[in-house]
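The values are calculated or read from the model by the stated rules, or taken from the named source; none is laboratory data. Nothing here was measured: the structure is a model prediction, and the numbers come from that model. Glycine also receives a Cβ, built like all others from the backbone with ideal geometry; neighbour counts cover every protein chain displayed.
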Amino acid sequence: MTHVTTLLCLFMKPEKESHNLEHHWTRSAVVYQIYPRSFKDSNGDGIGDLRGIIQKLDYLNDGTERSLGINAIWINPIYPSPMKDFGYDVSDYYSIDPLFGTMADFETLVSYAHARTIKILMDFVPNHTSSQHPWFLESRSSRMNKKRDWYIWRDPKPDGNPPNNWLSVFGGPAWTFDATTGQYYLHSFLKDQPDLNWRTIEVREEMEHVLRFWLQKGVDGFRTDSISYLIKDDGFRDDPPNPNYIAGRSNPYDALLHIYSQGRPELLSAANTLCKVLDAYPHAFMVSEAYLGIPKMVELYRACDNNLHAPFNFNLITLPWNGESFKTFIDEFDAHLRPDDCPNYVFGNHDRSRVATRLGQKRARIAAVLQCTLRGMPFIYYGEEIGMEDLPVKEETGLDPWGKNVPGFNLGRDPERTPMQWDDTLHAGFSTSTPWLPLANNFRTINVARESLNPRSMLTLYRTLIHIRTHTPALLNGSYHSLPLQGGKDIFSFIRIYKKEGILIMINFSDTSHVVSFSEDVLRGFLNTGCRVLCNTECNDAKKYMNIDTLTLRPYEAYVLALPSK
Ligand code: NOJ
Ligand code: CA
């Protein structure tokens, strides 16, 4: 076929017909999450910005093996905001906060990123606005205002108390009394983040408009914030008490089971509304933030029919660390998904303690292997690729409102939001002046410059894994088959198969060595001799060949091997 004919065929293909998304960018995506305040400061005010991200695009992907090799970025909110929740309190959905730059900077970022085949996902915050948003200022001005119903207002109980017992995730009641109109408004998070009323049609339409605005600017999709909160019980029933709550020991928010204040069944239709907007942009993808088990995740997958929407899968963050629990969870998740569903596996983000702090550096290397070899999209939080660790921050004196409002439960998120550690110079190459949050203490040893030179570093491991993933069809589109556990519960292995290509991943979750053996009966038509090492966690056996009829896996060692077919 000539080039012209190929192009014609591409254009003539009806959009809807494509049930096979094998060539859609999401299927080969490795997403890198940028917390923009902390990535790179270009103008010396101590706060990361869009020009800083542009300066570091080559680090992310310069088209060679020397760069990280990711091909999509999700940027935490960059909209104008009073920053009470560091951008998750949006006061204008249609522009850029001057702290981060200008719309022109954003457009430059999109075009420079696209030139490097890096896709851009915007953070989309549909559940709440800032209390300073003009919509809320209007809404609160009078009961008769035409935007009154854009937010959720309710009368006090006869005794003046809030309308029901719902709690705010960030501490205290989810209701704040507003003296101007004598009613309470609902806020699932801070009182500075009033919840929009998704039962009001104009709200939905406005949010659809927001999505279209950014899609027309050329973005490739969205990460949708707090999707489970969009719809609340229309009867405003009290949430029941949580029988497992231990006063003083559990997060006070866990005192109730949040079955009426969030996670309502109508949520699926709200998700569908958003997906419908994306339907008109066949390249666009949406990932939704909700902490869910498998059945609820599956419901969200089914809420949209284009297979270009996925709920985040956060389950690996809290699974007990052993081969058996990982195998059980991943087997079950994979079995519930259809071939065109796009799974994803998350180990960390801006709300969670750093992977290397939670799990330790050795286990963090296993997390890297899992993310880059399992089916679906890896999401890598900035800095995880160099093994950044939490900065211990006293919650009372920290900046994060969650930690300050609810001290004593380790909820503050400053520790995982420290500036990116680029090198060992003053301010770690992040800025020329004091950063908005202190650097982690270890920046002189854990940093990009140093790790780039070290063939065994975390950064080298990530670069190698991402490069292998991107160039190995079985890791992008292959089916997943787990093998029987070995070494008690410690060794989890699985094969990814695509056409005649088979890739075996074997992982020792434990701190002891284990002798393992793979007979050809379990290898699905592949041989157990002459297997080529693509990568191992020590980054030391690449390109060697090995037999796997018997071998020893050292503590926390993982291998990625190409299997010869019979
Ligand atoms: C989830 C976001 O990840 C978190 O950072 C934010 O504080 C809440 N949603 C509220 O928007
Ligand atoms: Ca700056």
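General remarks:
- Scan of the stretch 23-64 for residues that are within 16 Å of ligand 1 (Cβ to nearest atom) and either among the aliphatic types (A, V, I, L, M) or without any contact (Cβ under 8 Å) to a residue 12 or more places away in the chain (or both), ordered by number: 31, 34
- When the stretch 388-402 is limited to residues that are within 13 Å of residue 350 (Cβ to Cβ) and not aliphatic (A, V, I, L, M), the one that is nearest to ligand 1 (Cβ to nearest atom) turns out to be 402.
- The set of residues in the stretch 65-86 that are within 16 Å of ligand 2 (Cβ to nearest atom), of a type in the set (A, V, I, L, M) and in contact (Cβ under 8 Å) with a residue 24 or more places away in the chain comprises 75, 78.
- Residue 500 in contact (Cβ under 8 Å) with a residue 60 or more places away in the chain, surrounded by fewer than 19 Cβ atoms within 10 Å (Cβ to Cβ) and of a type in the set (Lys, Arg): yes
- Each residue in the stretch 522-566 was checked for being in contact (Cβ under 8 Å) with a residue 40 or more places away in the chain, touching a Gly at 6+ places or on another chain (Cβ under 9 Å) and surrounded by fewer than 17 Cβ atoms within 10 Å (Cβ to Cβ), and 4 of them qualify.
- Note on the stretch 463-496: residues that are aliphatic (A, V, I, L, M) and under 19 Å from residue 31 (Cα atoms) total 6.
- Some residue of the stretch 220-232 being farther than 16 Å from residue 127 by Cβ and at pLDDT below 95: no
- Residues in the stretch 407-428 that are within 16 Å of ligand 2 (Cβ to nearest atom) and part of a loop (DSSP other than H, G, I, E, B): 418, 419, 420, 422.
- Meets criteria (of a type outside the set (Ser, Thr, Tyr), within 25 Å of residue 45 (Cβ to Cβ), buried (at least 18 other Cβ atoms within 10 Å of the Cβ) and away from ligand 2 (no atom under 16 Å from the Cβ)) for residue 89: yes
- For the stretch 1-40, the tally of residues that are at pLDDT below 50 and surrounded by 23 or more Cβ atoms within 10 Å (Cβ to Cβ) stands at 0.
- Residue count for the stretch 107-134, restricted to those that are farther than 30 Å from residue 57 by Cα, crowded, with 19+ Cβ neighbours inside 10 Å and away from ligand 1 (no atom under 16 Å from the Cβ): 0
- Only listed residue being modelled with pLDDT of 95 or more and either in a helix (DSSP H, G or I) or among the β-branched types (Val, Ile, Thr) (or both), chosen from 260, 253, 245: 253
- Restricting the first member to the stretch 509-521 and to residues that are under 14 Å from residue 322 (Cα atoms), and the second to residues that are outside any helix (DSSP H, G or I) and among the aromatic types (Phe, Trp, Tyr), the beta-carbon pairs closer than 8 Å and six or more apart or on different chains are 509/321; 509/492; 509/556; 510/556; 511/556.
- Filtered by the rule that a residue be closer than 24 Å to residue 204 by Cβ and either surrounded by fewer than 16 Cβ atoms within 10 Å (Cβ to Cβ) or in contact with a strand residue (DSSP E or B) (Cβ under 6 Å, 6 or more places away or on another chain) (or both), the stretch 151-175 gives 151, 152, 153, 154, 163, 174, 175.
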